[in-house]
Amino acid sequence: LPELPEVETVVRTVGPFLRGRRIESVEVYPPFLVCRDPDTLRQHAPGRTILEVRRNAKHILVELSGGWHLGIHLGMTGRLLAGGQTTPHTRVLFVLDRGLLLYDDPRMFGRVEAWEAEPLRRLGPDAMAVLEDEFVARMRARRKRMKSLLLDQAFVGGIGNIYADEILYWSGVHPRALSCRLSEKRARLVYGAMKRILGEAIDSGGSSVSDYVDATGQTGWFQIQHRVYRRTGEPCGTCGTPIRRILEGQRGTHYCPKCQRV
Ligand SMILES: [Zn+2]
C-alpha cells in the first residue's frame, strides 16, 4: 500500500507538472466507487487553475483557484499519472490545458473528491511534520501497543504496515510494547527512526512492494533496504536471530525477537 513516502514521491513527481495548469474538463467513469460524487467534481473542477499540490499524511491535496480543493487518496492500488493513456482501470480523467491527468485504480479503494473548502479530517499530525516533544508526549500519554499506535492515523498520519515494522526495528522497540511504558529516551529513539526511515524512503522514491509506482510510472526501490518487513525467517542484520512474524492488531508484523524489547 502506498504510505507516506510513496504519496510524497507522487506529489513530488506530479506536482511540478500540475502547478499552473488549468482543468479544461473532467471525465468520471462508472462504477462511481472512487469518486462517489461525480457531479460535484464535473461541475466545479473545470475552469479552475491548479495552484498547489500538497501531501498531508497519505492524502494528496490539490489546491484549485477559487478556494476549491481536490482530495485524492490512493487506497491500495491507486495511481496518479501525468500524461499517458487511459486504461480499463482509469476512474477519473482530467483534461488539462496541456496534457492529461489520470487516476487509475484497479481495486477501487481510493478516493477522488472535490471540496469547496479545505477538507477537515480527523487526522493526527503528519509524521514528517510533527515535532519531537509533541510526538513523545502524546505517545507516552497513550496506552496502546506500539505497532497499533504507529498505524493509528489519528495519532500520527502517514505510516502503514511496512514503515511501522521498520521504524520499530531501528528503534529496538518490540511491536507489542505499551506506549505508556516506554521511557522518554526510547520514545525519542522511535521518533528519530521514524524521521530517518521515512526521509530515506522519500529520497529513494518510495517502496514498490505491490502495485505502487510514482506519477511517471517508475517503481521505487526502498524494498531492498527493508530489514524486517517480509523477511520472516531471514537472519537479523544486527544479531543473526531469525526475523519473526506475528499478528498484532490483525496486521502481519515482522520483528527481531532479540533486538526489539518490550
Ligand atoms: Zn536482531
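Structural remarks
- Some residue of the range 228-239 being among the aliphatic types (A, V, I, L, M) and modelled with pLDDT under 95: yes
- Test: residue 91 is over 20 Å from residue 9 (Cβ atoms), part of a strand (DSSP E or B), touching a residue at least 40 places away in the same chain (Cβ under 8 Å) and of a type in the set (Lys, Arg): yes
- Within the range 70-96, the only residue that satisfies the criterion of being surrounded by 17 or more Cβ atoms within 10 Å (Cβ to Cβ), more than 20 Å from the chain's Cα centre (by Cα) and more than 20 Å from residue 31 (Cα to Cα) is 96.
- The single residue among 246, 224 that is under 25 Å from the mean Cα position of the chain (by Cα) and modelled with pLDDT of 95 or more turns out to be 246.
- For the range 174-200, a tally of residues being assigned to a loop (DSSP other than H, G, I, E, B) and out of contact with any Pro (no Cβ under 9 Å at 6 or more places or on another chain) returns 5.
- Count - residues of the range 130-158 that are assigned to a loop (DSSP other than H, G, I, E, B) and within 12 Å of residue 194 (Cα to Cα): 4
- Criterion: without any contact (Cβ under 8 Å) to a residue 12 or more places away in the chain and within 23 Å of the chain's Cα centre (by Cα) - qualifying residue of 5, 16, 30: 16
- Subset tally (residues that are surrounded by fewer than 18 Cβ atoms within 10 Å (Cβ to Cβ) and part of a strand (DSSP E or B)) for the range 97-112: 1
- The requirement of being loosely packed, with under 14 Cβ neighbours inside 10 Å and modelled with pLDDT of 95 or more is not satisfied by residue 199.
- Test for residue 175: is it at pLDDT 90 or above, of a type outside the set (Ser, Thr, Tyr) and either surrounded by fewer than 14 Cβ atoms within 10 Å (Cβ to Cβ) or more than 16 Å from the ligand (Cβ to nearest atom) (or both): no
- Scanning the range 246-262 for residues that are part of a strand (DSSP E or B), more than 12 Å from the ligand (Cβ to nearest atom) and touching a residue at least 60 places away in the same chain (Cβ under 8 Å), we see that the one that is surrounded by the fewest Cβ atoms within 10 Å (Cβ to Cβ) is 252.
The values are calculated or read from the model by the stated rules, or taken from the named source; none is laboratory data. Every value quoted in this text rests on a predicted model; they were computed, and no experiment measured them. All Cβ positions, glycine included, derive from the backbone under ideal geometry; neighbour counts span all protein chains shown.
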